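Working notes, beginning with the structure itself.
All of the numbers you see were taken from the coordinates with simple rules; none came from a lab. Quantities reported herein were computed from a predicted structural model and do not represent experimental measurements. Here Cβ is always computed from backbone atoms with ideal geometry, including for glycine, and neighbour counts include all displayed protein chains.
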Amino acid sequence: MKTSHFVSALLLLPGLALGPGAGAQEGKASAAPDPALASEYSEKGADTCLQCHSVEPFFRTKHARREDPRTPFAGLQCEACHGPGGKHAKGMAAGQLIPITRTFGAKSKQSAAEQNQPCLACHERDARVGWKGGQHEASDLACVSCHQLHTARDRVLSASGQTEKCLTCHIRQRGDFYKTSAHPVRYGTMRCSDCHNPHGSDAAGKLLAKPTLNQTCYTCHAEKRGPLLWEHAPVSEDCSLCHTPHGSVHAALLKKPPPLLCQQCHSPAGHPSFAYTANGLPSGTPSGFLLAGACTTCHSQVHGSNHPSGARLMR
Ligand code: HEC
Ligand code: HEC
Ligand code: HEC
Ligand code: HEC
Ligand code: HEC
Ligand code: HEC
Ligand code: HEC
Ligand code: HEC
Ligand code: HEC
Ligand code: HEC
């Protein structure tokens, strides 16, 4: 299987080896070679490189599809990403060590911005419009801090591979997802990118996938959106007033358990004193309302109510 792909890729190549100029015209979307640098490119594109480099898995990636005019392989081929390689190829053949223009990854001599430049030339659209200015760009992450381009399967594009990748840097969040109440990210049924856009976003901070935190939650918890007859003000304002998004030691991803949660905003005063009193309760218990199983036993509709008499969020 592997071999036949490789062979067919090789068979296709000679037809393409018309020199970089022709290649670039074919690949309209690809970054056009700088005319001043034209002589710096290799003479036969990938064919030149493949004399010395065996990069078989690359031919099973989308980037190697010549029939798609947007791909590097319809244009400058290897040099679309690695930069002009003519001198490198000639030098190496003559036993002279001339490094290739651009390498990728931790050992690269190029800065993250330089590594990302060819990628952004083709990809700075769609989900990547927010890359510049996003936290990952600002922290000098390269595209290849997450992506692998010479493997048939880029792990970060699978749910489990993505979680693993994100959590190698975000160690504190790893612990969050092991707490008793957590979004099921570690089971692979959800991924970080359901809520985050790792490429950057317009959302105020935190790389959220949607413009606001609540809109991010509504993509799956649409029933919490309303409109409801009786709204509970903090719910439509910001889910994170009560919930933590990743994981919590309290039930239902709550930041604090009720009644403490509720009492951050509601004073215990105001309840009808005749029906429920603290008489006979162990000393130190502030109110019978709390003993009754925390506020939500009675006010079960914390997210709002559509019941005609649901003003007190009890039905
Ligand atoms: C004559 C053989 C030869 C040719 C032709 C050649 N290379 Fe190389 N290339 C090498 C050698 C040898 C090295 C290792 C140099 C070193 O130790 O730094 C290398 C290194 C590289 C590296 C860095 C690898 C690393 O691990 O850091 C890249 C990327 C690369 N070449 C790409 C290309 C591309 C793209 C072309 C075609 C334009 C090309 N090479 C043509 C021999 C060649
Ligand atoms: C779409 C951009 C892109 C294209 C096209 C591309 N490469 Fe690479 N290359 C990379 C990246 C990124 C890495 C870093 C390793 C990785 O991501 O898997 C790399 C790594 C390498 C390495 C270092 C050894 C390694 O595997 O880590 C060599 C050698 C190399 N490429 C040669 C080539 C050759 C030869 C071609 C053409 C057949 C080519 N590359 C086409 C992006 C590209
Ligand atoms: C010449 C244009 C071009 C360059 C340069 C380029 N890409 Fe791409 N890339 C494409 C095209 C076209 C696709 C296929 C898109 C599709 O099928 O919808 C693609 C696909 C991808 C994918 C999705 C792969 C998949 O299996 O779904 C990733 C990730 C990616 N590119 C990252 C990069 C990174 C990182 C770089 C820089 C190292 C880069 N690309 C350089 C054109 C390019
Ligand atoms: C912090 C990790 C990370 C970095 C850095 C990163 N990506 Fe991605 N990328 C991802 C993840 C995760 C996905 C899958 C998104 C999903 O499943 O919704 C992805 C998907 C993609 C895709 C294919 C999906 C699509 O939208 O069609 C492309 C293309 C891509 N990234 C390009 C880039 C480029 C270009 C850069 C650098 C400017 C980059 N990425 C930097 C994590 C990253
Ligand atoms: C190579 C390390 C690295 C990887 C991999 C990585 N990140 Fe990051 N991330 C950072 C750095 C550095 C920052 C900026 C500093 C900070 O806020 O922690 C950051 C910031 C963030 C932020 C914003 C944090 C804030 O406080 O505003 C989010 C959200 C985020 N990353 C999510 C992800 C996701 C999702 C993935 C996987 C798709 C991922 N990261 C992969 C290094 C990484
Ligand atoms: C259910 C949606 C959701 C999922 C899934 C999710 N996040 Fe978040 N994440 C958020 C929200 C919302 C915030 C902002 C919290 C705030 O502002 O109070 C956030 C904040 C962050 C931050 C900033 C620091 C912090 O903890 O507040 C980082 C880093 C982060 N997330 C990384 C990740 C990583 C890595 C994954 C996957 C392993 C992930 N997130 C999965 C919704 C999510
Ligand atoms: C991609 C879909 C998705 C998004 C987006 C999402 N959730 Fe969830 N949420 C789930 C799933 C699936 C569960 C069920 C987990 C289970 O049954 O174990 C869940 C469960 C919950 C729970 C109950 C947890 C428990 O232990 O009972 C709360 C609370 C919650 N989500 C709040 C939020 C908040 C707040 C946001 C926005 C920051 C959000 N969710 C965004 C899918 C999502
Ligand atoms: C005023 C505090 C508060 C706010 C704000 C809030 N919640 Fe909740 N949420 C709770 C409490 C308390 C529970 C536990 C309910 C129970 O024990 O019956 C809960 C439970 C949940 C659950 C799991 C049970 C269920 O009803 O499905 C989900 C999902 C959920 N909340 C999503 C959200 C979303 C999405 C938002 C924002 C739109 C939000 N919550 C805002 C207090 C709040
Ligand atoms: C972030 C602050 C905040 C938190 C936390 C909070 N609430 Fe509220 N709650 C409000 C606001 C603001 C109103 C609207 C008050 C008004 O309209 O006068 C409200 C209204 C109510 C009402 C209706 C009151 C009325 O006057 O009709 C009930 C019942 C209620 N909350 C119960 C709870 C319970 C139970 C919890 C804990 C699960 C809780 N609240 C947590 C801010 C909060
Ligand atoms: C035993 C049931 C019960 C418990 C437990 C309970 N409440 Fe109530 N609550 C009520 C009833 C009944 C009303 C309606 C009183 C009315 O309509 O005059 C009410 C009314 C309210 C109101 C509306 C304003 C007011 O004071 O009349 C708020 C706010 C409120 N409760 C918050 C809380 C909070 C916070 C807790 C937890 C500390 C809590 N409740 C626990 C039964 C309960």
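Computed from backbone phi with θ = phi - 60° and the Karplus coefficients 6.51, -1.76 and 1.60, the 3J(HN,Hα) list for the range 248-259 is 8, 7, 9, 4, 6, 6, 7, 5, 9, x, x, x Hz; x is used for glycine and proline. For the pair the range 101-123 / the range 124-189, the C-alpha centres are spaced 19 Å from each other.
Ranked for footprinting exposure by Cβ neighbours inside 10 Å, fewest first, Arg102, Arg225 give Arg225, Arg102.
What net charge is computed for the residues neighbouring Gly247, neighbours being all others with C-beta under 12 Å from the C-beta of Gly247, Lys and Arg scored +1, Asp and Glu -1? Walk me through the intermediate numbers first.
Working: positive: Arg172, Arg174, Lys179, Arg186, Lys255; negative: Asp176.
Charge balance near Gly247 sits at +4.
Taking neighbour Cβ counts within 10 Å as the exposure measure, how do Ser139, Ser248 sort from fewest upward?
Numbers: Ser139 10, Ser248 19.
Listing Ser139, Ser248 from fewest to most nearby Cβ atoms yields Ser139, Ser248.
Using the Cβ-Cβ distance between Asp202 and Ser160 with R0 set to 25 Å, the FRET efficiency from 1/(1 + (r/R0)^6) comes to roughly 0.30. Sorting Arg155, Arg172 by the number of Cβ atoms found within 10 Å of their own Cβ, with the fewest placed first, yields Arg172, Arg155.
In terms of the mean number of neighbouring beta-carbon atoms within 10 Å, the peptides 82-89, 142-149, 234-241 order highest first as 82-89, 142-149, 234-241. Here the extension length gained between His147 and Glu43 equals 34.5 nm, from 0.36 nm per residue of separation less the Cα-Cα distance.
Cys195 sits among other residues whose Cβ lies under 14 Å from its own Cβ, and their net charge, with Lys and Arg +1 and Asp and Glu -1, is +1.
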